[in-house]
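Engineer: Please see the structure below; I have some questions.
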Amino acid sequence: MRITQIPMLAIATLLICGGRTAEGACELTWGAYDILPDGNGTAELLWACDQSMLGFQFDVSGLELLAIRDGWCGEDGWQLYSSATTAIGFTLGQPPLPPVNEPVHFVTIDFLVTGDTLAFAEEVIFVAPPDQVIDVDWSDTIILDGCQADVYPEGAGDGQVGVDEILALLSDWSENGSPFDVNGDGVIGVDDLLAVLEAWGPCV
């Protein structure tokens, strides 16, 4: 479900927190993901913590959120909402997510890639019962390398791998130290040409 307004109950759940707790290491990380050539993708998000969790809100960068669903929270009937950059989930009578030592798949997100790094942004709030904000390590990122072959124009690329890259390679064929060296081996050759052909089309 995709919304632009956040339910008041979600705001209350996440903002009435009476303090912070730092009993142990809690981590928000990326799990398995898949990105199509058109930039649409899906990713499992993982949670590990030695405390129970009854609500969350996090922002993202490098992508536009399309939906949040499934995972442990979705299967337990949590309320899940998303806008273009923010995901929210909370219990409405369902049990909190119990402490978990190993990362578990707590939600899945559907998204559209808008940058070259998928990351969690600064607004990350996870809440433990009854009303404690959990200290979370949310520094995990996914660096996309789908544009490694986008070598023309020099130093910037144009978001497209195509004829311009082929012409650039041919103009510097067998040259050492060329800015169009796709695979970084120091010389322009067949391997660079094959890398361009494999990455042909829009960068994701």
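Quick note: the coordinates plus some simple rules give every number you see, no bench work behind them. Worth saying up front: this structure is predicted, and the values here are computed from it rather than measured. Note: ideal-geometry Cβ built from the backbone for every residue, glycine included; neighbour counts use all protein chains shown.
Engineer: Skipping prolines and chain starts, which residues have an amide H placed within reach, meaning under 5 Å, of the one on MET53, given they are 5 or more residues away or on another chain?
Structural biologist: Amide H to amide H, under 5 Å and 5 or more residues apart or across chains, MET53 pairs with LEU97.
Engineer: Here is a follow-up. Run the dipole for the chain about the Cα centre, Lys and Arg Cβ at +1, Asp and Glu Cβ at -1, nothing else charged, and hand back the magnitude in debye, nearest 20. Walk me through the intermediate numbers first.
Structural biologist: Working: 3 positive and 33 negative charges, 232 e Å.
Here the size comes out at about 1120 debye.
Engineer: List the GluC sites (Glu not before Pro) within region 107-202 that DSSP assigns to loop and that have no more than 15 neighbouring Cβ atoms inside 10 Å. Working shown, then result.
Structural biologist: Working: sites: GLU122, GLU123, GLU154, GLU165, GLU175, GLU198; in loops: GLU154, GLU175.
Those satisfying the criteria are GLU154, GLU175.
Engineer: I would also like to ask the following. Is there a quick way to get the dipole size of region 160-202? I mean about its Cα centre, with the Cβ of Lys and Arg at +1 and of Asp and Glu at -1; what is the value in debye to the nearest 20? The partial results should precede the final answer.
Structural biologist: Numbers: 0 positive and 9 negative charges, 17 e Å.
Magnitude of the dipole: close to 80 debye.
Engineer: What 222 nm value per residue comes from the helices of the chain, counting each DSSP H run with n ≥ 4 as -39,500 (n - 2.57) and dividing by all residues, nearest 500 deg cm²/dmol? Display every interim value, and only then the final one.
Structural biologist: Working: 4 runs with 31 residues, N = 204.
Mean residue ellipticity at 222 nm (helix-derived): -4000 deg cm²/dmol.
Engineer: Okay, next question. Residue by residue through region 53-60, which ³J(HN,Hα) values in whole Hz follow from phi under the Karplus form 6.51 cos²θ - 1.76 cosθ + 1.60 (θ = phi - 60°), with glycine and proline marked x?
Structural biologist: Listing the rounded values in order: 9, 10, x, 8, 8, 9, 9, 10 Hz.
Engineer: Gap in Å between the Cα centre of region 161-204 and the Cα centre of region 55-132?
Structural biologist: 39 Å
Engineer: Let me ask something additional. Of the listed values (i) 43, 16, 13; (ii) 27, 25, 18; (iii) 30, 17, 15, grab the one calculated as semi-axes √(5λ) of the Cα gyration tensor in Å from the structure here.
Structural biologist: (i)
Engineer: Tell me the relative contact order for region 160-202 as a rounded percent, counting alpha carbon contacts under 8 Å between residues six or more apart. The partial results should precede the final answer.
Structural biologist: On the way: 53 pairs, mean separation 19.1, N = 43.
In percent, rounded to a whole number, it is 44.
Engineer: Still on this structure, I have one more. Rank the residues SER171, SER52, SER82 as a footprinting-exposure proxy: fewest other Cβ atoms within 10 Å of their Cβ go first.
Structural biologist: Working: SER171 12, SER52 16, SER82 25.
Listed from fewest to most nearby Cβ atoms, that is SER171, SER52, SER82.
Engineer: A further question follows. Magnitude of the Cβ-charge dipole of region 105-174, K/R +1 and D/E -1, about the Cα centre, nearest 20 debye? Could you put the intermediate results ahead of the total?
Structural biologist: On the way: 0 positive and 15 negative charges, 31 e Å.
Its charge dipole is roughly 140 debye.
Engineer: Which one, VAL104, CYS203, PHE180, projects farthest toward the positive side of the charge dipole computed for the chain from Cβ point charges (K/R +1, D/E -1)?
Structural biologist: VAL104
Engineer: OK, next. Tell me which residues come under 5 Å, amide H to amide H, from LEU66 once H is placed; ignore anything under 5 positions away on its chain.
Structural biologist: ASP110, PHE111, LEU112
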